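What follows is a short report on a single structure.
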Amino acid sequence: METYDVAIVGAGMAGISAAIYLKRSSLSFTLIERNAPGGKLNVIHRIDNYPGTPSISGIELSLALQKQLSELGGKISYGNIVEAKKAEEGFILRFDNGKEIGCLAIIAASGSSEKKLGVPGEKELFGKGISYCATCDGAFFRNKPVLVYGYKDFAAEDALYLASLCSKVYFLYPQPIEATDAHLEQLKSLPNVELAEGRIERFEGEGHLERVVLSDKRIIEANGAFPLFEQQSGSSFLWPLGVKTNNGFLVTDSNMETNVKNVYACGDIVDKKLRQLVNAASEGALAAVGVIANLKKKKV
Ligand SMILES: Cc1cc2nc3c(=O)[nH]c(=O)nc-3n(C[C@H](O)[C@H](O)[C@H](O)COP(=O)(O)OP(=O)(O)OC[C@H]3O[C@@H](n4cnc5c(N)ncnc54)[C@H](O)[C@@H]3O)c2cc1C
């Protein structure tokens, strides 16, 4: 079985940041990614709030991060981790193909994903008008009416992007909007954006989304719908270890360590108020520095 000092699960902003910091130590590590490196960066149309890069696309920032890591000699391994178990010393991580690796510490940087609404029509019309990624699928709805369902910044940002392509964007919010004033002002200033409060009851359409029915029976005619309501944490592979969570998100101390010794977390997987790139990067660094300190103590 391959063994490492540290296994980082997830190569988004948080995981790559942790890897960059680990590269400065003598510890061996593996950075495991099940999909495209960069994580959510790959679906962000434009980033305006990452310090030092006033306006950059998510893909550009993702490629810059990967280049920086590779120039330092860091590599990304591909695989999907499904379970973490306690070992005699450290932990064992199991991949979905049954392969296992050993490590003394885990840095969980596996982010979060969109929470499905679980309403009628959502499953059936997924990929037929319903999408959870405006950057990926927005162009399919050029000059058509679409609905964005959410109340946070990431929903507002996607609504702004869609407004540049689509004939009409209904921004439906199920609870008070938490998006920043700057985004709200922009949305309100656009002639093809309509903001309305309401909850989705079901999606309808013959082979393709045609309309969204709200719980008060209002009907919104839309060819596309982007439910960008909440995120769910990617922490389930750690649950067998008894990690403490809040709503699935990992509770950590100020060094990013969970209640399980040598299991750290960083980025969107962490239980916190702000899920942004700037703190994902900072938490990746903190987790790496914490692991380095802990494992060095153990080795001397
Ligand atoms: C549409 C949108 C727009 C946004 N705009 C901004 C913005 O303008 N500014 C800003 O600061 N933030 C923005 N954000 C938030 C920002 O993208 C996130 O806070 C940040 O990318 C989180 O990084 P992360 O590394 O924690 O998670 P992620 O980027 O989600 O990376 C996690 C990685 O882990 C991998 N993974 C998951 N589970 C496993 C597993 N079991 N095994 C192996 N790999 C696994 C995933 O494939 C993924 O690549 C936006 C988010 C969205 C969705």
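No disulfide-compatible partner, judged by a Cβ distance under 4.7 Å, exists for the following cysteines of the chain: Cys103, Cys166, Cys266. Counting every alpha-carbon pair across segment 162-300, the share separated by more than 28 Å comes to 43%. Given R0 = 45 Å, the distance between the Cβ atoms of Asn259 and Tyr78 translates into a calculated FRET efficiency of 0.90. Note on Val260: accessible area is roughly 20 Å² with a 1.4 Å probe, heavy atoms of protein only.
Rounded to the nearest 10 square angstrom, Glu185 shows an accessible area of 110 square angstrom against a 1.4 Å probe. For segment 131-142, the Karplus equation 6.51 cos²θ - 1.76 cosθ + 1.60, evaluated at θ = phi - 60°, returns couplings of 9, 10, 9, 5, 5, 6, 10, x, 4, 5, 10, 3 Hz by residue, with Gly and Pro reported as x. Distance from the alpha carbon centroid of segment 138-171 to that of segment 48-112 works out to 30 angstrom. Rounded to the nearest Hz, the phi-derived 3J(HN,Hα) couplings of segment 278-292 under the Karplus curve 6.51 cos²θ - 1.76 cosθ + 1.60 (θ = phi - 60°) are 4, 7, 4, 5, 5, 5, x, 5, 4, 4, 4, 5, x, 5, 4, where x marks glycine and proline. Probing with 1.4 Å while keeping every protein chain in the model, the per residue accessible area of segment 134-227 equals 47 Å².
Between Leu241 and Lys128, the C-beta separation translates, for a Förster distance of 35 Å, into a calculated FRET efficiency of about 0.35.
Volume per residue of the convex hull around the Cα atoms, evaluated for segment 56-156, comes out as 190 Å³.
If you take all other residues with their beta carbon under 9 Å from the beta carbon of Ser167, and give Lys and Arg +1 and Asp and Glu -1, the sum is +3. All other residues whose Cβ lies under 14 angstrom from that of Ala11 are scored, Lys and Arg at +1 and Asp and Glu at -1, for a net of +3.
Summarising the label geometry, the points placed 7 Å from Cα in the beta-carbon direction at Ser189 and Val251 lie 4.3 nm from one another. Treating only the Cα positions of segment 134-227 as identical point scatterers, give the base-10 log of I(q)/I(0) from the Debye formula at each q in 0.24 Å⁻¹. For the requested q values the scattering log ratios are -1.28. Rank Leu190, Val212, Ser17 by how far each Cα sits towards the positive end of the charge dipole of the chain (+1 on Lys, Arg Cβ; -1 on Asp, Glu Cβ) and give me just the farthest. Final value for the positive-end residue is Ser17. Estimate the FRET efficiency between Val278 and Ser167 by the formula 1/(1 + (r/R0)^6), using the beta-carbon distance for r and 41 Å for R0, to the nearest 0.05. The value I calculate is 0.75. For the chain, the share of DSSP beta bridges that are antiparallel, to the nearest 5, is 40%. Using a 7 Å offset from Cα along Cα-Cβ at Ser55, what residues in segment 130-148 end up with backbone N under 15 Å from the label point? What the label zone holds, given the 15 Å backbone N cut-off, is no residue at all. Tyr78 exposes around 140 Å² of accessible area when a 1.4 Å probe is run over every protein chain in place.
DSSP bridge analysis restricted to segment 134-227 gives an antiparallel fraction near 35%, rounded to the nearest 5.
Accessible surface comparison of Met1, Met13, probe 1.4 Å, protein chains only, largest first: the order is Met1, Met13.
For Val260, the shell of other residues with beta-carbons less than 13 Å away shows a net charge of +2, using +1 for Lys and Arg and -1 for Asp and Glu.
Which percent of the accessible heavy-atom area of the chain goes to carbon and sulfur, probe 1.4 angstrom? Summing carbon and sulfur atoms, their accessible area is 51 percent of the total for the chain. Using Cβ point charges alone (K and R +1, D and E -1), the dipole size of the chain about the Cα centre works out to roughly 700 debye.
Ranked from largest to smallest solvent-accessible area, with a 1.4 Å probe on the protein heavy atoms, Phe203, Phe229, Phe126 come out as Phe126, Phe229, Phe203.
With a 1.4 Å probe rolled over the protein heavy atoms of all chains, the accessible area of Ile32, Ile44 falls in the order Ile44, Ile32, largest first.
The values are calculated or read from the model by the stated rules, or taken from the named source; none is laboratory data. From a predicted model like this one, the values you see are computed outputs, not experimental measurements. Quick reminder, even Gly has a Cβ in these numbers, built from the backbone with ideal geometry, and neighbours come from all protein chains shown. Accessible surface is based on the protein model in full, side chains and every heavy atom, while ligands, DNA and RNA are left aside. Shrake-Rupley method; radii C 1.70, N 1.55, O 1.52, S 1.80 Å.
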